[in-house]
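Note sheet for the following structure.
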Amino acid sequence: MLNTAVSWELLDESPMAGMKFQRENNARTRYLSIEECQRLIASCLAPHTRAIVTVALHSGMRLGEILSLRWGDLDFQSNFILVRDSKNGQARHVPMDATTGALLAAYERRPGSDFIFPSKTGGRLTDIKVGFRNARARAGITDLRFHDLRRSFASHFMMAGGEIYTLQQILGHKTASMTARYSHLSPAYKVKAIDRMNTVWQRALSVPSAPEASPEPSFVTMASQPTLFPVPSTHESFPGAGLNTSDVGAPAD
């Protein structure tokens, strides 16, 4: 409104000009419970919709990555899926759990198409909006987007005691800050971090201190010796006598 007033020459300049606004934290944290995941899968009627939803919940892959999968991207020997077309531009390997491996191994292959989930013409399937929307309605689940299935995987991975760095590699996040939103879901992760500090202190306390040697009796007095160095007074401090607590490291995110 103020910019409009300036353009209409009602104001010389906007009083809000030059002001910086804080960035809104709009990170969505919606995820499904295990019961909701099972209900959603059971509500998918079309085989390809059910398979795609299952793969998303069990691998954390994006919809576009799943739809781009070809049969040559599956390695059943090592149980890995090769994601060639990743959002961050880098290929990555996503592990297959038992459910994903069994599903893809038994999934029917379309003759003449290399895509695992091809369209009717054999090309790349573009979306499953209708099937997903209908399945969501049958399951009675509201406020759910397909990308929330990826968040559901990540949330349950952390609540099961998974490592944040491993999750970053699975999801294909370029920075750890993108994965850090899930760290609060893992009480075990925080307890493990504190245990590392406890180990540091226990190691320090377990080191035995050297026994103090008894001073030998001396028959030489201070007055009988020349003064080579000034004797510090009791008010002077010695460098390095204090403990630098900043040297104690903290576990990384």
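Between residue 204 and residue 105, what length in nm is gained on full extension when 0.36 nm per residue of separation is reduced by their alpha carbon distance?
30.3 nm
What ranking, highest mean first, results for peptides 195-202, 132-139 when packing means the other Cβ atoms within 10 Å averaged over each residue?
Result, highest mean first: 132-139, 195-202.
So how long is each side of segment 128-184 along the principal axes, counting just the alpha-carbon atoms, biggest first, in Å?
Sorted from largest, the Cα extents of segment 128-184 read 36, 22, 15 Å.
Along the Cα-to-Cβ line of residue 97, 7 Å from the Cα, sits a label point; which residues in segment 29-43 have backbone N less than 16 Å from it?
In segment 29-43, the label zone of residue 97 (backbone N under 16 Å from the point 7 Å along Cα→Cβ) covers 31-42.
Report Rg(Cα)/(2.2 N^0.38 Å) for segment 34-190, keeping two decimals.
Scaled against compact globular proteins, the figure is 1.04.
Tell me, what is the FRET efficiency for residue 194 and residue 141 to the nearest 0.05, using R0 = 22 angstrom and their Cβ-Cβ distance as r?
The formula returns an efficiency of 0.05 here.
Throughout, read-outs are computed from the coordinates displayed, never taken from laboratory work. Quick caveat, the model's predicted, so the values are computed rather than measured. Cβ: placed from backbone, ideal geometry, glycine included. Neighbour counts: every protein chain shown.
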